[in-house]
Amino acid sequence: MLISLDEKSVCHYRMIRDARVLRAGFVPREVEHRDQEVNHLSSVLEPITNEEPADTAIVTGPSGAGKTCISQFVTERLREEVLDVEATYVNCWRNYTRFRTLYQILDGLGETIDIHRQSTPHDELVDRLQQYDGPRRVVILDEADQLEDASVIYDLHSLPQFAIICIANQEQELFSRVDDRLVSRLRSSEHVRMDSYHDEQLYDILQARAKWGLDQDVIADDQLYRIADAAAGDARLAIGILRSAASKADRENSERITDDILLDAATDARAQIKQKSLDSLTPHQRIVYDIVREHGPLGPSDIHDRYTEEVDDPRTKRTVRTYLSKMAQYNLLKAEGTSRDREYSIVTTSVASATA
Ligand SMILES: Nc1ncnc2c1ncn2[C@@H]1O[C@H](COP(=O)(O)OP(=O)(O)OP(=O)(O)O)[C@@H](O)[C@H]1O
């Protein structure tokens, strides 16, 4: 238990013991229920521990299935086992151009001092990667289906110094963004698929976080089960609800997480995740989202027509479809109808919560 004194010397109870373990990007020392996926991914990367080239790994699954966590966990474990392995993590949604992704990778190698965003050609960046002869390096390309120009995967694919983990929600979305020569290579890559968690699995993930992050007995088992149920298979949302609940309890100087706190926490966590997803949208995706918000429900063709009227350099219909699908995956849009008459509308954050 942590007790702190504010300026007025009032005692404040703090139930959060270690806030790090409640953060979205935290990689735990032990991961729950993913032994098979951990072993599979480890075996794909294994050759680099003997200085041999490794196959590219494709990791897919819905939001909150643990794709990033498992990829980072496996990479870290590898780095613990052998000295000469390094790792670079790139969020391709944030770095969605080929230049930015190459830049981030080179930055991890300390090779960006004289690179100029305006004038350095792509080929020179690729040359530098080719010349890299340091320790073997795992490059995690997270949200790889968001790359505007996925040829960066091709750039890296053939370089033996780099082992690539490509993370995406769906395999077909990743493949629809790359050209045929790369599709055939990626099809023969190792594929690690992850499904949404069951309630029991989410409960275990939550219990471990509560154990490390919070004081004992501040949340009851049945409350953890309700969080798991409300999160509907998404570990990111589940941990988000626990984090919101604990910080609200701390703000209110409460010694336990009450059911009322939990109810608000579910709403807060959903709103926070939604805001984060909205902030991640690229400028073109944001325009598409706003069109659906203002004029939806709309079908993909109507959306594309309106979008091409609004921008000078429109992306293809196919790309806009991948935007729509990604926003549906991230619960920003909902799709209704079959593939022939599908329409998209925005998801309004519902106040009703399954933690009630
Ligand atoms: N098996 C697990 N054991 C422990 N913690 C986990 C596990 N799976 C996921 N988590 C935790 O859940 C949260 C969400 O996981 P992660 O970010 O890896 O999901 P994701 O599939 O990459 O989602 P997104 O597609 O939204 O990026 C993270 O805080 C992560 O540490």
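The values are calculated or read from the model by the stated rules, or taken from the named source; none is laboratory data. A quick note: this is a predicted structure, and the numbers were derived from the prediction, not measured. Here the Cβ is made from the backbone with ideal geometry for all residues, glycine too, and neighbour counts use every protein chain on show. Only protein heavy atoms, including side chains, enter the accessible area calculation; ligands, DNA and RNA are left aside. Shrake-Rupley method; radii C 1.70, N 1.55, O 1.52, S 1.80 Å.
Summary of values
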| item | result |
| --- | --- |
| Helix 300-310 axis, angle to the chain major axis (alpha carbon atoms, nearest 10°) | 80 degrees |
| Built amide H within the under 5 Å cut-off of residue 59, gap 5+ | 166, 167, 168, 192 |
| Contour excess over end-to-end distance, with Cα ends at residue 208 and residue 36 and 0.36 nm allotted per residue | 60.0 nm |
| The stretch 332-348 and the stretch 275-305: distance between their alpha carbon centers, rounded to Å | 12 Å |
| Per-bin percent of Cα-Cα distances, the stretch 28-104 [5 Å] | 3, 13, 22, 23, 21, 14, 4, 0 |
| For residue 87, residues with placed amide H under 5 Å, excluding near neighbours | 138 |
| Whole-percent carbon and sulfur share, accessible surface of the stretch 34-193, 1.4 Å | 40 percent |
| Under the Karplus curve 6.51 cos²θ - 1.76 cosθ + 1.60, θ = phi - 60°, whole-Hz ³J(HN,Hα) for the stretch 312-326, x wherever Gly or Pro sits | 7, 10, x, 7, 5, 4, 4, 5, 5, 4, 5, 4, 4, 5, 4 |
| Rg/Rg_ref, the chain, where Rg_ref = 2.2 N^0.38 Å and atoms are Cα | 1.08 |
| Mean-position separation - Cα centroids, the stretch 255-272 and the stretch 65-90, in angstrom | 33 Å |
| Loop-resident sites, the stretch 157-257, for GluC sites (Glu not before Pro), counting at most 15 other Cβ within 10 Å (DSSP) | 252, 255 |
| Residue-by-residue Karplus 3J(HN,Hα) for the stretch 336-348, coefficients 6.51, -1.76, 1.60, Hz, glycine and proline x | 10, x, 8, 4, 7, 10, 5, 10, 10, 9, 7, 8, 8 |
| Under Karplus coefficients 6.51, -1.76 and 1.60, residue-wise ³J(HN,Hα) of the stretch 240-249 in Hz, glycine/proline x | x, 5, 4, 5, 4, 5, 5, 6, 5, 4 |
| Surface accessible to a 1.4 Å probe, per residue, for the residues of the chain, Å² | 50 Å² |
| Between the stretch 128-163 and the stretch 186-200, the Cα center-to-center distance that results, in Å | 21 Å |
| Accessible surface of the stretch 281-346, 1.4 Å probe, proportion on carbon and sulfur as whole % | 41 percent |
| Computed [θ] at 222 nm, helices only, for the chain once each DSSP H run of length n ≥ 4 contributes -39500 (n - 2.57) | -15000 deg cm²/dmol |
